[in-house]
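Report on the structure given below.
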Amino acid sequence: MRNLALAGGLVLLLAEANTEVKTMFAGVPSMGGNQKQSYLQLAGRVLVIFMFLTLFSLELSVFRLVELLIGSVLVVCVGVGYKTKLSALVLVAWLTITNFLLNPFWLVPHNRIMRDFMKYDFFQTFSVIGGLLFVVALGPGGVSVDEHKKEW
């Protein structure tokens with residue numbers, strides 16, 4: 001799931017690189033959106049949220065349940081494109097805090113193998129945070145609830 005989330009960040013990067021082809025009429029806006037870019041942004045959003053499926057565990061505590069509930073609501077908002085920039089920004093903050101709490105590899109002695117696993121998870125989570133920052137910067141794209149609200 002984490003590797004799919006990393007692929008989502010790369011798809012978002014590809015969507016940013018996929019700009020509209022320039023026409024010979026400079027300064028004339030086009031009425032149609034870039035459908036390929038919109039679908040790439042949708043795929044990137046969906047792949048980035050796969051990261052949160054790895055955070056589910058069978059721990060049953062009130063704090064853990066509240067954390068998963070709030071995270072799930074924000075993930076669904078990013079996935080469907082509802083209040084996408086705000087939801088992604090809150091997820092960036094939440095995931096950064098969670099990452100420092102769950103993966104403190106600097107506290108594990110150098111000769112323990114768990115240190116390598118925690119370091120891998122720590123930096124991979126930051127890669128997903130980068131993908132979410134792409135969502136904050138680019139917006140949800142054409143295939144989202146936010147975009148359809150503009151037409152109403």
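Brief remarks follow.
Rundown of residues vs (1) more than 16 Å from the chain's Cα centre (by Cα); (2) touching a residue at least 40 places away in the same chain (Cβ under 8 Å); (3) outside any helix (DSSP H, G or I), yes/no style:
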{"residue": "LEU86", "(1), (2), (3)": "no, no, no"}
{"residue": "ALA93", "(1), (2), (3)": "no, no, no"}
{"residue": "TYR120", "(1), (2), (3)": "yes, no, no"}
{"residue": "GLY130", "(1), (2), (3)": "no, yes, no"}
{"residue": "PRO140", "(1), (2), (3)": "no, yes, yes"}
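- Residue check, MET118 open to solvent by 30 Å² or more (accessible area, probe 1.4 Å) and touching a Phe, Trp or Tyr at 6+ places or on another chain (Cβ under 9 Å): no
- Selection status of THR96, among the polar types (S, T, N, Q) and surrounded by 16 or more Cβ atoms within 10 Å (Cβ to Cβ): no
- If the condition is being at pLDDT 75 or above and among the hydrophobic types (A, V, I, L, M, F, W, C), then the stretch 28-51 contributes LEU40, LEU42, ALA43, VAL46, LEU47, VAL48, ILE49, PHE50.
- Among the conditions (1) open to solvent by 90 Å² or more (accessible area, probe 1.4 Å); (2) not in a helix (DSSP H, G or I), the only one that TRP106 does not satisfy is (2).
- Against the numbered list (1) part of a helix (DSSP H, G or I); (2) modelled with pLDDT under 85; (3) under 18 Å from LEU10 (Cα atoms), GLU147 comes up short only at (3).
- Residues of the stretch 35-75 that turn out to be under 30 Å from ALA17 (Cβ atoms), open to solvent by 90 Å² or more (accessible area, probe 1.4 Å) and touching a helix residue (DSSP H, G or I) at 6+ places or on another chain (Cβ under 9 Å), as a count: 2
- Any hit, the stretch 66-83, residues being in a loop (DSSP other than H, G, I, E, B), among the hydrophobic types (A, V, I, L, M, F, W, C) and at pLDDT below 85: no
- Residue tally, condition without any contact (Cβ under 8 Å) to a residue 12 or more places away in the chain, closer than 15 Å to LEU95 by Cα and not charged (D, E, K, R), over the stretch 35-75: 3
The values are calculated or read from the model by the stated rules, or taken from the named source; none is laboratory data. As the structure is a prediction and not an experimental result, all values here were calculated from the model. A quick note on method: Cβ atoms are made from the backbone with ideal geometry, for glycine too, and the neighbour counts reach across all protein chains shown. Surface areas here come from the heavy atoms of the whole protein model, side chains and all, with no ligands, DNA or RNA. Shrake-Rupley method; radii C 1.70, N 1.55, O 1.52, S 1.80 Å.
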